[in-house]
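Notes follow the structure.
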Amino acid sequence: MTVMPAETATATEAILEARGLTKHFTVGGNFWSGRKILHAVDDLDVVLRPGHITALVGESGSGKSTVARLLARIYPATTGDIIFNGRSIVRDRGRRRNLSYRSDVQMIFQDPFSSLNPVRRIRHHLARPLLIHNVVPRREVSARIHSLLTRVGLVPPRYFESVFPHQLSGGQRQRVAIARALAVDPKVLLADEPISMLDVSIRIGILNLMLGLKEQQGLAFLYITHDIASARYVADDILVMYAGHVVEKGRVDDVLGEPQHPYTQLLLSAVPNPQEGLATRRMATRGEVPAIVNPKPGCRFAPRCPFVMDICRQVTPKLADQGGGRSVRCHLYPGST
């Protein structure tokens, strides 16, 4: 029996892939000043594999949520391609094709308080996708709802299906949102900051639920967060995003254990280390977050970077392969210039 090299085997497992994905928004302008274009996401590549969690981290405004909405086809891409199961889907039209894709690629939104209809019982939220996507006959809807609630840890299911969202805690509402996403048997889950609005004490339960779904059902996850500690806990791979660009990516242990890009180093320096106590050293920075409306050429992190060079202000660096599955967008490393 021929054994495939690890890199080749992994490459064939991709279920959802973005290539050169770009999203620009028109944000104003007039006859005299011309159009103003906000570069929310520029030239993003990401691969999601079954049984694999990929984390997308960065501060607010970096473009993380826009990436999820592009992959979920809530936003149309400006340029680039989205490949699902080996087929490009960016030009798919029609209700049937959209329903088929959205049953396979589901999104979990950040805010469990607003993602559920407050005047509808939990049963309605779970029955609706089952009926829209014809997952089960009507006579089997109740059994399916009970199974979904049990799977996400909301027991007894008969109680939870009968209550309204305001009668649940934040963690319970987020579990309902996950159950709703699972109702249509998806292959990919796009989780947009799923724990950011929850109490710290219940976040670990949601993260463990994600890990269980990954391992037991082989789901592919894109986990979007600004919390590096949670990314380290659940993710296999990580992409670090800044001002619309992915600036570093690789295996999570490699990137967080030995960060290469100055922005990744900055993020990690801001994470408290209990072993070092109050003496933790933080990376020195300067400047402000750059405007991403009609951005000028050059590295977008240059105004804040302690290692900035003249070339950084003039040439936009490329995301260059550094070997071992690592890539970095920085003129300090070979291939970026």
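Remarks
- Region 287-308 - residue that is open to solvent by 70 Å² or more (accessible area, probe 1.4 Å) and over 18 Å from Phe25 (Cα atoms) and, of those, nearest to the chain's Cα centre (by Cα): Val289
- Residue list for region 18-46, filter: modelled with pLDDT under 95, touching a strand residue (DSSP E or B) at 6+ places or on another chain (Cβ under 8 Å) and of a type in the set (S, T, N, Q): Thr26
- Exactly one residue out of Leu154, Leu126 is part of a helix (DSSP H, G or I), touching a Leu at 6+ places or on another chain (Cβ under 9 Å), open to solvent by less than 50 Å² (accessible area, probe 1.4 Å) and within 24 Å of Gly218 (Cα to Cα), and it is Leu126.
- Filter pass, Arg139 being among the basic types (Lys, Arg), in a loop (DSSP other than H, G, I, E, B) and either open to solvent by 20 Å² or more (accessible area, probe 1.4 Å) or closer than 27 Å to His245 by Cα (or both): no
- Restricting His331, His261, His245 to residues that are modelled with pLDDT of 95 or more, buried (at least 19 other Cβ atoms within 10 Å of the Cβ), within 30 Å of Gly28 (Cβ to Cβ) and of a type outside the set (S, T, N, Q) narrows the list to His245.
- Scan region 1-17 for residues that are over 21 Å from the mean Cα position of the chain (by Cα) and either among the polar types (S, T, N, Q) or modelled with pLDDT of 90 or more (or both) and the total you get is 3.
- In this structure, Val90 qualifies as modelled with pLDDT under 95, open to solvent by 20 Å² or more (accessible area, probe 1.4 Å) and under 29 Å from Arg300 (Cα atoms).
- Checking Ala77 against (1) in a loop (DSSP other than H, G, I, E, B); (2) under 19 Å from the mean Cα position of the chain (by Cα); (3) surrounded by fewer than 18 Cβ atoms within 10 Å (Cβ to Cβ), the condition it does not meet: (3)
- Once region 289-314 is narrowed to residues that are under 24 Å from Arg35 (Cα atoms) and of a type in the set (D, E, K, R), the residue that is modelled with the lowest pLDDT is Lys296.
- Residue within region 315-325 that is modelled with pLDDT under 90, out of contact with any helix residue (DSSP H, G or I) (no Cβ under 6 Å at 6 or more places or on another chain) and either part of a loop (DSSP other than H, G, I, E, B) or closer than 18 Å to Leu44 by Cβ (or both) present: no
- Applying the criterion of being over 18 Å from the mean Cα position of the chain (by Cα) and touching a residue at least 40 places away in the same chain (Cβ under 8 Å) to the residues of region 181-205, the residue that is most open to solvent (accessible area, probe 1.4 Å) is Asp185.
- A count restricted to region 52-74 and to residues that are open to solvent by 10 Å² or more (accessible area, probe 1.4 Å) and among the polar types (S, T, N, Q) stands at 3.
The values are calculated or read from the model by the stated rules, or taken from the named source; none is laboratory data. Just so we're clear, the structure is a prediction, and the values are computed from it rather than from any experiment. Neighbour counts are summed over all protein chains in view; Cβ atoms, including those assigned to glycine, are modelled from backbone coordinates with ideal geometry. For the accessible areas, the whole protein counts, side chains as well, though only heavy atoms, and no ligand, DNA or RNA atoms are used. Shrake-Rupley method; radii C 1.70, N 1.55, O 1.52, S 1.80 Å.
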